[in-house]
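Here is the structure we will look at.
The values are calculated or read from the model by the stated rules, or taken from the named source; none is laboratory data. Predicted, not measured: the structure shown is a model, and the values here were computed from it. Here the Cβ positions follow ideal geometry from the backbone for every residue, glycine too, while neighbour counts run over all protein chains shown. Quick note on the areas: whole protein, heavy atoms, side chains included, nothing else; ligands and nucleic acids left out. Shrake-Rupley method; radii C 1.70, N 1.55, O 1.52, S 1.80 Å.
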Amino acid sequence: MNPVLAAHHVSKVYRHPVRSVIGRGPSVALDDVTFTIADQTIYGLLGRNGAGKTTLMQILTGQNFASSGRVELFGQSPYENDAALANVCFVKESQRYPDVFTVANALRAAALLFPEWDNDFALSLVEDFQLPPRRRVSKLSRGMRSALGVIIGLAARSRITLFDEPYLGLDAVGRQLFYDRLLRDYADHPRTVILSTHLIDEVSALIEHVLLLDRGRLIVDAETESLREQMVTVTGPVSTVDTIAAAHHELHRDLLGSTARATLRGDFDAAGRARAAAHGVQVEPVSLQQLVVRLTTAAEPAPVSVGAVDKELSR
Amino acid sequence: MNRVLRVARIHLTSWRGAFGWPLSILAISFTVNLAFFASMGDNLPDQPGAHVTGGVVSIYVVQLIAAWQSMNQAFSFAVGLNVTRRTFYAGTLLVLAALSLVFGLVLYLLELVEHATGGWGIQLPFFDMVPATHGNSPLHVLVYAVPMFMLSCLGVFLGTITKRWGVNGFFAFTVLGLVGLGLVAILLSWLDRWPTIGHWLAGQSGLALLTGWILIPAVLLAGGGYGLLRRAIP
C-alpha cells in the first residue's frame with residue numbers, strides 16, 4: 001500500500017545561541033527518524049515525556065521545521081502546502097483557541113477548515129461529551145478543552161488525523177467515549193490515525209502499529225501483534241530462568257527469594273513455551289505498556305539504527 | 001470557497017471580537033468626551049477649535065491591538081489546524097482591510113451627523129478631527145480607513161515579532177527601532193534636511209498623506225511581517 005505520510009532521516013536539533021557559546025552542546029529532539037505511515041491504519045506514537053513526539057507530529061504537518069531530513073505528505077512536502085494539508089487534522093493537547101471563541105465558535109471555525117467535516121456528527125459528540133456550546137473555550141475545564149479537541153479531530157474526518165495527547169484531564173468515561181466513537185467512526189469512514197498517548201494499556205487494543213520514540217530516536221516500528229509475541233515474562237526458579245534468559249535478550253528482572261521474574265525479548269515459539277513449562281517456568285505475554293516501559297528504561301543505550309529492535313525481535 | 005476567504009470568516013466567527021469591542025470602546029470614548037465637554041460648556045470659549053479631543057483614536061488603538069492579537073491567538077488556532085501561513089496571512093490582511101473600510105464608513109457617517117448637529121450641539125469635533133481634510137467628501141471614508149489599515153499592519157508586524165521571539169524579542173526590536181529612528185533624525189539634522197522635509201510635507205495635501213503616502217509603511221510592514229511569519233511555529 002502506498003504510504004500517505006513518510007519521514008526520511010528527520011532530525012531536529014535545538015541550538016541555543018547563548019548555551020552553545022558557553023560550551024553546552026545542542027540538544028537533539030529528533031535523531032535520524034525514518035518511517036512510513038500506511039493508509040487506513042491506526043498508529044500509536046509512544047514514548048516518554050520529552051521523547052520528541054509532539055515535535056515529530058509538528059514536523060510531519062509542516063508546522064515545525066526539521067534540521068535535516070524531509071517529510072512527504074501524500075508524496076509532497078507539507079510546508080505551506082494547502083492542497084495536502086487540507087486533508088490532515090492535527091489535534092494537540094496544547095491547541096490554542098482565540099480568547100473570544102465559544103465552543104460553538106470553535107466548531108464553526110473548524111467546519112470551515114476541513115472539507116470532510118460532518119456537522120451532525122460534531123453536534124452528537126458535543127452532546128455525548130456534555131459540552132456547553134455557548135461557554136467560552138477559555139472558561140472550559142481541562143477535560144472539556146480536551147473533549148473539544150477530540151470532537152474536532154473526529155468530526156473533521158480527515159484522511160490523516162493526528163491526536164497528540166488528546167485527552168489530558170478527560171475522565172475515564174470520556175476516554176472510553178473517545179475510544180468507542182473513534183472505533184465506530186473508523187469502521188464507517190476508514191482513515192489514518194496517529195495517536196500519541198501515555199495511557200498505553202487503554203489504547204493497546206486500539207492501535208494496530210506501534211512507533212516508539214526514545215530520546216529522539218525511533219526504537220520500535222512494528223505491528224502491535226508481532227511486537228507482543230516477541231516479548232514475554234518468564235517466572236520460575238532462578239537457575240532455570242537464567243538458562244532461558246541466556247538464549248534471549250533480558251530487559252528486566254525482579255527477584256523474589258529463589259524465584260525470578262524476567263522480561264525477555266526474542267523468539268518464543270510453542271515448542272519453547274512447552275519446554276519452559278516442563279521446567280516449571282511460567283511464560284506470560286507482556287502488556288504493551290510493560291513493553292514500552294521496559295524498552296525505554298533498558299539500561300543499555302537504545303539501538304541506534306531505525307528498526308533495529310524490530311529486526312532483532314524477528315530473528 | 002477559497003481557503004483565504006475561509007480564514008477571513010474564521011476571524012469574523014465571533015462578532016463580539018470583530019465588531020463588538022471596537023465599536024463599544026469608540027462609543028464609551030465618545031460618551032465620556034460628550035459628557036465632559038457638555039459639563040465644561042460654560043467654562044470654555046465658544047469659538048470653533050476650542051474643543052479638541054483625540055477620543056476617536058481609541059478605535060484605532062483597539063484595531064492595532066486586535067491585529068497584534070490575531071498573530072498570536074488566531075494564528076496558533078488556524079495554523080495549528082493546518083492552515084498554511086501564507087493563506088492565514090492573506091485572510092488576515094483581507095479581514096483587517098475590510099474592517100478598516102467598514103469602520104471608516106461608520107466614522108464618516110458619524111462625521112456627517114456631527115456636522116449636521118453642529119458638533120452634537122456643543123461644537124464638539126469628535127469625529128472630524130483632521131483639520132487638513134475638512135469637508136463632507138465621501139473620500140473621507142478613506143481618510144479614516146487607510147490610516148487604520150496602516151496601524152493594523154503595524155499590529156500584525158509587531159504581533160509577528162512577538163510570536164517569533166516572545167516579549168523580550170518585542171522589546172529588543174522596539175529599542176532597536178527607536179534607536180534607528182533617532183539616528184535617522186540626528187542624521188537629518190546634521191545634514192540640515194528638516195526644512196526640505198517640512199516643505200515636502202507642506203506641499204502634500206492632507207488627503208494625499210492620509211490615503212496615499214501612508215500606504216508605503218503599510219506595505220513595508222505587511223511584507224516584513226510575512227517574511228518573519230514564514231518561519232513561525234503555532
Solvent accessible area, Å² - residue B:68, 1.4 Å probe, full protein context: 60
Under the rule rounded for a/c under 1.5, else prolate if a/b exceeds b/c, else oblate, using alpha carbon gyration tensor axes a ≥ b ≥ c, chain B is classed as oblate
List the residues of the range A:104-131 for which accessible area in the full set of protein chains is at least 40 Å² lower than for the chain on its own; 1.4 Å probe, protein heavy atoms only. A:112, A:113
Taking the alpha-carbon centre of each part, the distance from the range A:31-91 to the range B:194-234 in Å is 40
As I understand it, the value is the acute angle between the Cα axis of helix A:288-297 and the longest principal axis of the Cα atoms of chain A; what does it come to in degrees, rounded to 10? 80
For the range A:32-40, Karplus couplings with θ = phi - 60° (6.51, -1.76, 1.60), whole Hz, Gly/Pro x: 6, 8, 10, 6, 10, 10, 8, 5, 6
Once both labels are modelled 7 Å past Cα along the beta-carbon direction, what's the residue A:11-residue A:39 spacing in nm? 3.4
Nearest-10 value in Å² for the accessible area of residue A:120, using the 1.4 Å probe: 120
Express the accessible area of the protein assembly as shown per residue in Å², computed with a 1.4 Å probe while the remaining protein chains stay in the model. 47
Expressed as a whole percentage, what fraction of the accessible surface of chain B belongs to carbon and sulfur atoms when a 1.4 Å probe is rolled over the protein heavy atoms? 74
Counting only DSSP beta bridges with both residues in the protein assembly as shown, what percent are antiparallel, rounded to the nearest 5? 65
In square angstrom, rounded to the nearest 10, how much accessible surface does residue B:40 have for a 1.4 Å probe? 60
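Ordering A:225, B:111 by accessible area with a probe of 1.4 Å, largest first, what comes out?
A:225, B:111
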What quantity of accessible surface, computed with a 1.4 Å probe and excluding non-protein components, is buried in total between chains B and A, in Å² to the nearest 100? 2900
Tell me, which residues of the range B:71-89 get at least 50 Å² less accessible area when the other protein chains come in, versus the chain alone (1.4 Å probe)? B:73, B:77, B:81, B:82, B:84, B:85
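What number of lysine-lysine pairs in the protein assembly as shown show an alpha-carbon separation below 23 angstrom, given a sequence spacing of 8 or more or placement on distinct chains? Present the calculation step by step, with values, prior to reporting the outcome.
Details: A:12/A:53; A:12/A:92; A:12/B:163; A:53/A:92; A:53/A:311; A:53/B:163; A:92/A:139; A:92/B:163.
The number of close lysine pairs in the protein assembly as shown is 8.
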Ignoring any ligand, DNA or RNA, what whole percent of the accessible area of the range A:44-129 comes from carbon and sulfur when the probe is 1.4 angstrom? 44
Could you give each residue of the range B:87-98 its phi-based ³J(HN,Hα) in whole Hz, using Karplus coefficients 6.51, -1.76, 1.60 with θ = phi - 60°, and x for Gly or Pro? 5, 4, 5, 4, x, 5, 5, 4, 5, 5, 5, 5
To the nearest µm²/s, what D does Stokes-Einstein give for the range A:229-298 at 37 °C and 0.692 mPa s, using the Kirkwood radius over alpha carbon pairs as Rh? 276
By accessible area with a 1.4 Å probe, ligands and nucleic acids excluded, highest first: order of B:197, A:244, B:28, A:194: B:28, B:197, A:244, A:194
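Restricting to DSSP H runs of at least four residues, report the calculated mean residue ellipticity at 222 nm for the protein assembly as shown, -39500 (n - 2.57) per run over all residues, nearest 500 deg cm²/dmol. Don't skip to the answer; put the middle values down first.
Values: 21 runs with 269 residues, N = 549.
Per the formula, -15500 deg cm²/dmol.
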A convex hull over the alpha carbons of the protein assembly as shown yields, per residue, a volume in Å³ of 215
Could you run the Karplus curve 6.51 cos²θ - 1.76 cosθ + 1.60 with θ = phi - 60° over the range A:64-76 and give me ³J(HN,Hα) per residue in whole Hz, x for Gly and Pro? 10, 10, 6, 6, 8, x, 9, 10, 10, 10, 6, x, 10
Express in nm, to one decimal, how much length is gained between residue A:297 and residue A:278 on full extension, taking 0.36 nm for each residue of separation and deducting their alpha carbon distance. 3.7 nm
Put A:53, B:163 in order of accessible area, largest first, 1.4 Å probe: what do you get? B:163, A:53
Gain in length, residue A:67 to residue A:80, computed as 0.36 nm per residue apart minus the alpha-carbon separation, to one decimal in nm? 3.0 nm
Within the range A:229-298, what whole-number % of the accessible surface is contributed by carbon and sulfur, with the 1.4 Å probe and all protein chains included in the calculation? 53
What distance in nm lies between label points placed 7 Å from Cα along the C-beta direction at residue A:124 and residue B:139? 6.1
Cα-projected label distance for residue A:246 with residue B:28, points at 7 Å along beta-carbon direction, nm: 8.2
